[in-house]
Amino acid sequence: MRRRRLYEGKAKILYEGPEPGTIVQYFKDDATAFNAQKKGTITGKGVLNNRISEYLMTRLAEIGVPTHFIRRLNMREQLVREVEIVPLEIIVRNLAAGSFAQRFKVEEGTALPRPIIEYCYKNDELGDPLVAEEHIAAFGWATAQDLDDIIQLTMRINDFLSGLFIGIGLKLVDFKIEFGRLWDNDEMRIVLADEISPDSCRLWDLKTNEKMDKDRFRRDLGGVEEAYQEVARRLGVLPEAGPSDAPAPQTIQ
Ligand SMILES: Nc1ncnc2c1ncn2[C@@H]1O[C@H](COP(=O)(O)OP(=O)(O)O)[C@@H](O)[C@H]1O
Ligand SMILES: [Mg+2]
């Protein structure tokens, strides 16, 4: 089956969907870090992120968070609504880690007094620079109303996901999400888009503080595939057969 490829990013490929206004997200095993200076592959990551993102977006939709997700198509692909991506990475931090810990010289794992939302301008050439609300308004990346919706949704997503992950013994240290604009007739809605997965979240084991996310790849900690599998397993979405396994033949009594 031939279909038009719309975009190839670092972790996913977008194809034209079967109906107008839909696209297919194909999840690759490719991994990048530090603005794509570090490149590699994480075997089976695409299969797992497809499932994990499906699960989390479905749970979020149940509490009334609008998302782009329609349905999973197969091991590596999901059908989503095509949106106009707001060119911002919305970062939520519950504990200090990564670039935040470096910027303010605070120890990784320090609890923040309240969740902190940061914005980066999505632009690979510029290395996704940190921006303020002033820049967002001045450059017109989002209106005041868009940003208000984004902040309200982001706080609900953080509260809900923090609790969901605590329930499976994981701390949601921080995460990155993207939003898009979706039109029904003349009405525009801001919806959650892209993905939520161990590529875009920092997840630490509640008891041991072991890292269970892309930091294992970034920092060469080993056990990368196993960490993604463990997150999927705890969420109850680990595919029973391995990525390349064919279904076993049915036995007839
Ligand atoms: N529903 C959607 N409609 C249109 N674009 C989307 C949607 N969801 C995600 N995207 C965009 O598709 C791309 C996904 O591929 P990815 O490999 O993550 O790209 P990148 O290298 O830009 O991060 C991202 O640029 C993301 O903003
Ligand atoms: Mg991306």
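Please treat every number below as a calculation from the coordinates, not as lab data. Every value quoted in this text rests on a predicted model; they were computed, and no experiment measured them. Quick reminder, even Gly has a Cβ in these numbers, built from the backbone with ideal geometry, and neighbours come from all protein chains shown.
How big is the charge dipole of the chain about its Cα centre, in debye rounded to the nearest 20, if each Lys and Arg gets +1 on its Cβ and each Asp and Glu gets -1 on its Cβ?
680
At 222 nm, what value in deg cm²/dmol follows for the chain if DSSP H runs of at least 4 each add -39500 (n - 2.57) and the sum is divided by all its residues, to the nearest 500?
-8500 deg cm²/dmol
What translational diffusion coefficient, in µm²/s and rounded to a whole number, does the Stokes-Einstein relation yield for the chain at 25 °C and a viscosity of 0.890 mPa s, taking the hydrodynamic radius as the Kirkwood radius over Cα pairs? Could you put the intermediate results ahead of the total?
Values: Rh = 19.1 Å.
D = 128 µm²/s.
If you average the sequence gap of Cα pairs under 8 Å that are 6 or more apart and divide by the length of the stretch 84-223, what percent do you get for the contact order?
Dividing the mean separation by the residue count of the stretch 84-223 yields 23 percent.
At 0.36 nm per residue, minus the direct Cα-Cα distance, what do Asn209 and Met188 gain on full extension? Give it in nm, one decimal, please.
Details: separation 21, 0.36 × 21 = 7.56 nm, distance 4.11 nm.
Length gained, Asn209 through Met188: 3.4 nm.
Sort 137-148, 74-85 by packing, meaning the average of other beta carbons within 10 Å per residue, with the highest value first. Walk me through the numbers on the way to the answer.
Numbers: 137-148: 13.4, 74-85: 17.8.
Ranking the peptides 137-148, 74-85 by packing returns 74-85, 137-148.
Along the principal axes of its C-alpha atoms, what lengths does the stretch 84-223 span, in descending order and rounded to whole Å?
So the extents along the principal axes, rounded to whole Å, are 50, 32, 29.
Which of Asn185, Pro115, Leu221 sits farthest toward the positive end of the charge dipole of the stretch 84-223, with +1 on the Cβ of Lys and Arg and -1 on the Cβ of Asp and Glu?
Leu221
Kindly provide log₁₀ I(q)/I(0) values, in the same order as q = 0.24, 0.25, 0.26 Å⁻¹, from the Debye equation applied to equal alpha-carbon scatterers of the stretch 153-220.
Log10 of I(q)/I(0), two decimals: -1.04, -1.09, -1.14.
Would you mind computing, in nm to one decimal, how far apart the modelled labels at Ala144 and Lys39 are, each placed 7 Å from Cα along Cα→Cβ?
4.4
Could you tell me how many cubic angstrom of Cα convex hull volume the stretch 16-132 has per residue?
Normalising the Cα hull of the stretch 16-132 by residue number yields 157 Å³.
Using Cα pairs under 8 angstrom and six or more residues apart, how large is the relative contact order of the stretch 1-107, in percent? List each step's numbers first, then the result.
Numbers: 142 pairs, mean separation 21.0, N = 107.
So the answer I get is 20 percent.
Do you know the relative contact order of the chain, to the nearest whole percent, from alpha carbon pairs under 8 angstrom that are 6+ apart?
Computed value for the chain: 18 percent relative contact order.
Taking θ = phi - 60°, what integer Hz values does the Karplus form 6.51 cos²θ - 1.76 cosθ + 1.60 yield along the stretch 91-100, in sequence order, with x for Gly and Pro?
3J(HN,Hα) across the stretch 91-100, in whole Hz: 10, 10, 10, 9, 10, 5, 6, x, 5, 5.
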